[in-house]
1. Looking at segment 80-134 only, could you name the residues that are at pLDDT below 90 and among the polar types (S, T, N, Q)?
2. Can you run down the residue pairs with Cβ atoms below 8 Å, 6 or more apart or on separate chains, where the first is in segment 77-89 and touching a residue at least 40 places away in the same chain (Cβ under 8 Å) and open to solvent by 20 Å² or more (accessible area, probe 1.4 Å) and the partner is among the hydroxyl-bearing types (Ser, Thr, Tyr) and part of a helix (DSSP H, G or I)?
3. Just checking, how many residues over segment 198-213 are surrounded by fewer than 21 Cβ atoms within 10 Å (Cβ to Cβ) and either acidic (Asp, Glu) or under 10 Å from SER156 (Cα atoms) (or both)?
4. Being at pLDDT below 90 and in a helix (DSSP H, G or I) narrows it down to one residue among SER54, SER48; which is it?
5. Regarding LEU9, is this residue open to solvent by 40 Å² or more (accessible area, probe 1.4 Å), out of contact with any Phe, Trp or Tyr (no Cβ under 7 Å at 6 or more places or on another chain) and among the hydrophobic types (A, V, I, L, M, F, W, C)?
6. Name the single residue, out of those in segment 90-116 being part of a loop (DSSP other than H, G, I, E, B) and open to solvent by less than 50 Å² (accessible area, probe 1.4 Å), that is nearest to LEU134 (Cα to Cα).
7. I'd like the residue in segment 157-192 that is polar (S, T, N, Q) and open to solvent by less than 30 Å² (accessible area, probe 1.4 Å) and, out of all such residues, is farthest from the chain's Cα centre (by Cα).
8. With more than 13 Å from the chain's Cα centre (by Cα), modelled with pLDDT under 95 and not charged (D, E, K, R) as the only criterion, which of THR18, THR12 stands out?
Amino acid sequence: MKLHSFIVLLGTAIILITFFTALAFAKKEKPHYYRYIFAFITLGLLLSVNTIASNNYIWRYGLKIRILIEQVLILFQLAMLGLFFLEALKSSKFIKKIKWLLFLSVFIQTGLIIFVQLTNTEIRSTNVPNLILLIFCSFYLTDIMNNRPTVILVKSSSFWLVMGIFFSACIGFPIGSLIPFVSKAPEYSNLRFQIFSIYNMSLIVMYLFIIKSYVCLKHPQNL
């Protein structure tokens with residue numbers, strides 16, 4: 001089995017564990033933003049299924065449809081994380097900026113999806129979501145530094161969620177910027193797969209951080 005295929009399967013297994021962890025805490029008292037996190041996890045599971053189906057040529061449809069499904073799921077994931085930050089930082093001075101940036105990023109990403117479908121161009125841009133998420137994470141961290149935290153951060157559920165998002169976006173943004181410069185010639189296909197594997201590994205770390213955030217719900221004072 002090739003490395004990139006193993007990473008995809010491993011990532012899917014981790015997402016499944018995250019999904020069942022979320023179900024285990026379904027009745028646990030928790031902040032409202034976890035409904036967006038649960039939706040994000042579910043979308044991530046669908047994204048993995050789409051990737052596995054594409055890699056194994058299970059889909060009967062063309063490349064355009066596979067890319068469309070992938071990009072629409074990424075768009076919805078961005079929206080869910082944006083709503084998470086809106087809820088987590090609802091008392092922050094950055095709330096208006098988050099609203100405008102979320103609207104702008106969804107608009108741009110939707111435009112890219114339409115452009116790809118109309119021009120038959122293979123673009124799988126994750127740069128816009130990753131850049132916006134990095135900005136949202138910076139707002140969260142700035143808010144923490146400007147206001148003395150009332151909880152122990154390493155036991156805070158929201159802190160682990162943001163750190164997972166931050167880690168993934170930090171890896172994903174430079175990789176997304178690098179990919180267009182790698183030749184699409186067949187002899188470079190393995191290199192492209194290995195680069196994507198690095199990004200997928202960062203997503204695995206993010207989902208592990210999400211699991212950690214659910215574990216923190218055992219201590220209600222550290223939400």
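The values are calculated or read from the model by the stated rules, or taken from the named source; none is laboratory data. Please read these numbers as outputs of a predicted model, since none were measured by experiment. In this analysis, Cβ positions are derived from the backbone assuming ideal geometry, glycine residues included, and neighbour counts consider all displayed protein chains. What goes into the accessible areas is simple: the full protein's heavy atoms, side chains included, and nothing from ligands, DNA or RNA. Shrake-Rupley method; radii C 1.70, N 1.55, O 1.52, S 1.80 Å.
1. SER91, SER92, GLN117, THR119, ASN120, THR121, SER125, THR126, ASN127
2. From residues that are touching a residue at least 40 places away in the same chain (Cβ under 8 Å) and open to solvent by 20 Å² or more (accessible area, probe 1.4 Å), the pairs are MET80/TYR36; LEU83/TYR36; GLU87/TYR36; ALA88/TYR140; ALA88/SER158.
3. Count: 1.
4. From the options SER54, SER48, the qualifying one is SER54.
5. yes
6. In this case the residue turns out to be PHE94.
7. SER157
8. Exactly one of THR18, THR12 is more than 13 Å from the chain's Cα centre (by Cα), modelled with pLDDT under 95 and not charged (D, E, K, R), namely THR12.
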